[in-house]
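Trainee: Let me begin by handing over the structure; questions about it come next.
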Amino acid sequence: MGTFSLLGRLFGAQVDQAGESLVEALVAFDPETATQVDRDALAEKIQEVAKKFAAAKHDYDKEQNDVVVKQRQINEYLATLDVMVGQLERQEISQTMFDDFFAGIEESQAQLVQEEEEAVEAKAVKDELDDILKILTQQLSDFDRVTGKALRDVKLAETQVEKEKLKTERQAELSNLKKGLGAESTAVRKLQDIAKKAKIEAEAAKTVREITAQPVTQADKMAEMVARAKQASAPATSTISAAERVAALKAKVRS
């Protein structure tokens with residue numbers, strides 16, 4: 001029984017083809033619940049057939065037992081009839097008694113045939129229900145196997161979707177980071193341009209300063225040469241070593 005027909009039973013309404021969208025929505029929203037509804041219905045059907053099978057088996061067992069009892073009874077009657085034949089020959093019983101007993105056996109044999117037919121019919125019903133029960137049980141097993149795989153596939157698909165979403169988010173984040181890096185590189189280039197411009201301006205200022213500096217006069221040249229001459233005529237710094245100075249000092253002390 002499909003989910004579509006089950007919804008009709010569950011909601012007690014006439015579900016037509018337009019109701020398929022409701023089924024699809026239910027499966028899409030909660031596939032586990034949707035499949036559980038189908039499984040519960042199938043299990044309920046199995047339970048119903050199992051009860052009928054149990055009743056049919058009970059009827060068959062009863063009918064079969066009736067056959068056994070009736071056959072045993074007839075066998076006893078036949079054994080008794082053999083005894084009554086001798087009694088009739090010895091005139092220990094009347095012909096009427098013998099005929100009545102003989103008629104009773106024939107009636108029991110007719111009843112045995114009817115009991116056997118009823119047992120056969122009961123067995124057919126029992127076997128048919130048994131076959132249906134086996135089919136339904138196999139269907140339940142197949143249902144669990146198929147729906148189990150389907151649910152695993154759904155979960156796997158959902159996991160894949162989540163992974164793809166995560167990849168998309170990461171890619172977007174990386175793109176934003178790359179954009180940030182690009183902005184940072186632009187700022188660095190801007191600073192480099194400013195530094196280059198400042199360097200050019202400094203060199204230009206130096207050039208301007210050198211160009212606009214006061215020229216060196218003859219007096220300045222003369223003063224510079226006098227200073228150099230004075231420095232050249234200054235006494236040279238003593239080059240005597242520390243050891244020689246100590247020796248000289250000791251010589252003075254001895255004298």
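Trainee: Taking 0.36 nm per residue of separation and subtracting the Cα-Cα distance, what length does fully extending A227 through D61 add?
Mentor: 45.1 nm
Trainee: Convert each backbone phi in segment 105-110 into a coupling constant with the Karplus relation 6.51 cos²θ - 1.76 cosθ + 1.60 (shift: θ = phi - 60°), then list the ³J(HN,Hα) values in order as whole Hz, x for Gly and Pro.
Mentor: 5, 4, 5, 5, 5, 5
Trainee: Quick one: E162, E118, fewest Cβ neighbours within 10 Å first, how do they rank?
Mentor: Fewest-to-most Cβ neighbours within 10 Å comes out as E162, E118.
Trainee: Would you mind ranking D61, D38, D193 so that the residue whose beta carbon has the fewest other beta carbons within 10 Å leads the list?
Mentor: Ascending number of Cβ neighbours within 10 Å: D193, D61, D38.
Trainee: Can you compute the modelled spin-label distance between V125 and V161, with each label point 7 Å from Cα toward Cβ, in nm?
Mentor: Placing both labels 7 Å beyond Cα along the Cβ direction yields 5.1 nm.
Trainee: Students often forget the sequence filter, so: which lysines lie under 18 Å Cα-Cα from K196 once same-chain residues fewer than 8 apart are removed?
Mentor: Cross-link targets: K206.
Trainee: Which entries of K134/K155; K126/K149; K45/K126 have Cα-Cα distances beyond 24 Å here?
Mentor: K134/K155; K126/K149
Trainee: Sticking with this one: Sorting T217, T80 on the 10 Å Cβ count, fewest up front, what's the list?
Mentor: The fewest-first ordering by Cβ neighbours comes to T217, T80.
Trainee: Turning to a different aspect of this structure: Separation between the E173 and E117 pseudo-spin-labels, each 7 Å from Cα along Cα→Cβ, expressed in nm?
Mentor: The answer from the label model is 8.4 nm.
Trainee: At 0.36 nm per residue, minus the direct Cα-Cα distance, what do T80 and E244 gain on full extension? Give it in nm, one decimal, please.
Mentor: Extending this stretch completely gives an extra 42.2 nm.
Bear in mind these aren't lab numbers, they're just calculated from the coordinates by the rules spelled out. Keep in mind the model is a prediction, meaning the values are calculated, not measured. Note: ideal-geometry Cβ built from the backbone for every residue, glycine included; neighbour counts use all protein chains shown.
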